[in-house]
1. Which whole-percent values make up P(r) of the chain when all C-alpha to C-alpha distances are grouped in 5 Å steps starting at zero?
2. When only C-alpha pairs under 8 Å and at least 6 residues apart count, what is the relative contact order of segment 149-273, in percent?
3. Can you pull a Stokes-Einstein diffusion coefficient for segment 172-246 at 10 °C (1.306 mPa s), Rh from Kirkwood over Cα pairs, as a whole number of µm²/s?
4. Return the FRET efficiency for the residue pair residue 155, residue 213: r is the Cβ-Cβ distance, R0 is 25 Å, and the value is rounded to the nearest 0.05.
5. Find the centroid of the Cα atoms in segment 54-70 and in segment 203-218, then give the distance between the two in whole Å.
6. Compute the relative contact order of the chain as a whole-number percentage, counting only Cα pairs closer than 8 Å that sit 6 or more residues apart in sequence.
7. With axes computed from alpha carbons, what is the tilt in degrees of helix 27-39 against the longest principal axis of the chain, rounded to the nearest 10 within 0 to 90?
8. Cα gyration tensor of segment 90-180, axes a ≥ b ≥ c as square roots of the eigenvalues: rounded (a/c below 1.5), prolate (a/b > b/c) or oblate?
């Protein structure tokens, strides 16, 4: 079953909005998710089963007709739940499509993810559905840097550094509250892993490595990175009461760490060939 694309999408007239929504699930999103699931073949009873499982609530035994009773119950549950539960429901619906025994199951899972991600972009919602999980979505530049750096770390056989970078994204993606110090900590951890590998010093901190190996980065980038390292240490390693980094600050550090880690991984790979 294919979703019908409107005129604007067919002709690529869509205009993505800046990300302004993270800790919310607007009514329009809730409607769109239900409508898309129905268009892909999910009926009221099936939707109610999935939503009730996510919300850990019992389906109303007094509702037995698909329309209007069960459908009204589905809408009430969807429109009345906490914002972060909506994203749990999206994950559960995607999984239900993917697990379908019918041949169209996997195809519908892909169509559902594409439709939801398109809505996120067009409505400025800072989430994305990737590999069945709702994770944070940044600007196009942020997404490109992290994706490119992750690929470079994996290609140069640095699973630990790649794992730290993944953990940083997971910390940014936590609901209902992101772990911003954790995101900073793990992103710098990814960079520190690569630096330790290049310096063949498994115990040195990134700050120490930069001092001992001045040629690791072009000047004055090494000095700038030392300052970033000091900032990250204060924000993530030595947390102060009443002081919490902003999301913008956390994303900046994650992006910088990813970019430099990817650069160092590629640089070593190129130097060795």
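1. P(r) over the chain, rounded to whole percents: 1, 5, 11, 14, 14, 12, 11, 9, 8, 6, 4, 2, 1, 0, 0.
2. Relative CO of segment 149-273 lands at 36 percent.
3. Once the numbers are plugged in, D ends up at 119 µm²/s.
4. 0.65
5. 61 Å
6. Reported relative contact order: 17 percent.
7. That works out to roughly 70 degrees.
8. Prolate, because a/c is 1.5 or more and a/b exceeds b/c.
Here, each number is a calculation from the coordinates, and none is a lab measurement. All values reported here derive from a predicted model rather than from experimental measurement. Glycine gets a Cβ as well: all are built from the backbone with ideal geometry, and neighbour counts include every protein chain shown.
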